[in-house]
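J.: Got a structure for you, written out below as structure tokens; questions coming shortly.
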Amino acid sequence: MKVPTRRYRKRDKARSFSNKTPFQRFLIVFAGPAFNILFAIVAIYFTLVINGYGILPAQVKDVQPGFPAYEAGLRQGDKIVDINGVKISGWEDAHQRDRLFR
């Protein structure tokens, strides 16, 4: 049984990958992964622009009566805006400032 072969026209053969220079082959092979990385960066950027980068607010969730926080006047839903006079913007910032003042 004879395996069928493809016959290329001259103009198709001139455009084929095997007839490209090594630099052109490199660019062709590099273009796919480069576009994937670029697309991922653009997709992440627009996801963050549309949805925003979430910052947890420094807000008291629950305070049990009889504990020092309750005695100091903290209640559920209170927002912490500063610690020892240092302004904070979110829960992560509050946690870092709390570690500094210990």
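The values are calculated or read from the model by the stated rules, or taken from the named source; none is laboratory data. What you see is a predicted model; the values in this text were computed from it and never measured. Note: ideal-geometry Cβ built from the backbone for every residue, glycine included; neighbour counts use all protein chains shown. Heads up: the accessible areas ignore ligands, DNA and RNA and are worked out on the full protein's heavy atoms, side chains in. Shrake-Rupley method; radii C 1.70, N 1.55, O 1.52, S 1.80 Å.
J.: Go over the candidates ASN19, ASN51 one by one and state the one that is touching a helix residue (DSSP H, G or I) at 6+ places or on another chain (Cβ under 9 Å) and modelled with pLDDT under 90.
T.: One residue alone meets the criteria, ASN19.
J.: Another question, if that's okay. Given (1) surrounded by 11 or more Cβ atoms within 10 Å (Cβ to Cβ); (2) modelled with pLDDT of 80 or more, where does ASP93 come up short, assuming only one miss?
T.: Here ASP93 clears every test but (2).
J.: Same structure, new question: Could you figure out which of (1) of a type in the set (Asp, Glu); (2) closer than 20 Å to HIS95 by Cβ; (3) open to solvent by less than 70 Å² (accessible area, probe 1.4 Å) isn't true of ASP62?
T.: Result: ASP62 passes all but (3).
J.: Next question. For the range 65-89, enumerate the residues that are part of a loop (DSSP other than H, G, I, E, B), on the phi < 0 side of the Ramachandran plot and open to solvent by less than 70 Å² (accessible area, probe 1.4 Å).
T.: Within the range 65-89, LEU74, ASP78, ILE80, ILE88 qualify.
J.: Since LYS13 meets every condition but one in (1) modelled with pLDDT under 75; (2) open to solvent by 100 Å² or more (accessible area, probe 1.4 Å), which condition does it not meet?
T.: With (1) modelled with pLDDT under 75; (2) open to solvent by 100 Å² or more (accessible area, probe 1.4 Å) applied to LYS13, the lone miss is (1).
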